[in-house]
Amino acid sequence: NAGVTQTPKFQVLKTGQSMTLQCAQDMNHNSMYWYRQDPGMGLRLIYYSASEGTTDKGEVPNGYNVSRLNKREFSLRLESAAPSQTSVYFCASSEVAEEAFFGQGTRLTVV
Amino acid sequence: QKEVEQDPGPLSVPEGAIVSLNCTYSNSAFQYFMWYRQYSRKGPELLMYTYSSGNKEDGRFTAQVDKSSKYISLFIRDSQPSDSATYLCAMSGSSASKIIFGSGTRLSIRP
């Protein structure tokens, strides 16, 4: 019973490098989300996808791109990482907004 | 101005006390109001949700929504050390739209 799976769990990048954070859910949910969590800032929405084939910007989309590859997978790409993108990234999925399920998070450090 | 405001705390109370956690919001389109609990280094988990205005009770937890004041609350009765966590309020305009979180309140229950 995997739920929402994120890879990798930890990553260190150098400024300017690119990487893709992967997220997959096995609950057949339509909606998927990417959040970042910084101390004192709570969860801030980066991008979300209400259904396969659609994506929309959230509160803090700059510096990120997303791909809803299929119903199960929603990836987040950093094209040119910056120290300001050091954060914990959470992927979530839901069938209805009132119950979202979260992955275990990816701890990203950009040096 | 952020759409959802939440006092980040930290809040420390003795075991057995009644805890009150609160959020205010500015977007009158919000209809779904959720509370998530997040333990250290884990993803958030849904605690309870309320649709529109009113109260909802689940064991020691009570959620209240006052849409006229754009104010929501979570009460924890007979608080336990195991309730020590970060509590995040979250809101959505419809069952299929984006979910916006508050900054979270760190709660500590002293034995």
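With Cβ to Cβ distances under 12 Å as the rule, what net charge do the other residues near A:Asn28 carry (K, R +1; D, E -1)? Computed value for this residue: -1. Can you tell which of B:Gly16, B:Gly54, B:Gly43 shows the greatest fluctuation in a Gaussian network model of chain B with Cα springs below 10 Å? In this elastic network of chain B, the residue with the biggest mean-square fluctuation among B:Gly16, B:Gly54, B:Gly43 is B:Gly43. Within the straight-line cut-off of under 16 Å between alpha carbons, the lysines reachable from B:Lys98 are A:Lys57, B:Lys2, sequence neighbours fewer than 8 places apart in one chain being disregarded. Using the alpha carbons alone, the radius of gyration of region A:16-105 stands to its Kirkwood radius in an Rg to Rh ratio of 0.94. Residues of region B:73-104 buried by at least 50 Å² of accessible area upon assembly of all protein chains, compared with the chain on its own (1.4 Å probe): B:Ser95, B:Lys98, B:Ile99, B:Phe101.
Buried accessible surface for the B/A chain pair comes to about 1800 Å², total over both chains, computed with a 1.4 Å probe.
Residues of chain A: accessible area per residue at 1.4 Å, in Å²?
Values: 4930 Å² over 111 residues.
The answer is 44 Å² per residue.
Taking label positions 7 Å along the Cα-Cβ direction at both B:Arg77 and A:Lys9, the computed distance is 3.9 nm, reported to one decimal. The simple spin-label model puts a point 7 Å past each Cα toward its Cβ; for A:Glu95 and A:Ser51 those points are separated by 1.6 nm. Inverting the mean 1/r over all pairs of different Cα atoms, compute the Kirkwood radius of chain B and quote it in Å. Averaging 1/r across every pair of different Cα atoms and inverting gives 14.0 Å. Of the residues A:Gly58, A:Gly42, A:Gly16, the one that moves most in a GNM of chain A with alpha-carbon contacts below 10 Å is A:Gly42. Treating cross-link reach as a plain straight distance, find the aspartates and glutamates whose alpha-carbon is under 15 Å from the alpha-carbon of A:Lys14, omitting any fewer than eight places away in the same chain. List returned: A:Glu79. Cα centroid separation, region A:63-101 to region B:1-48: 22 Å.
The values are calculated or read from the model by the stated rules, or taken from the named source; none is laboratory data. These numbers come from a predicted model, not from an experiment. Using ideal geometry, Cβ is built from the backbone for each residue, glycine included, and neighbour counts are taken over all protein chains shown. Ligands, DNA and RNA are stripped out before the accessible areas are found, and what is left, the full protein with its side chains, is counted by its heavy atoms. Shrake-Rupley method; radii C 1.70, N 1.55, O 1.52, S 1.80 Å.
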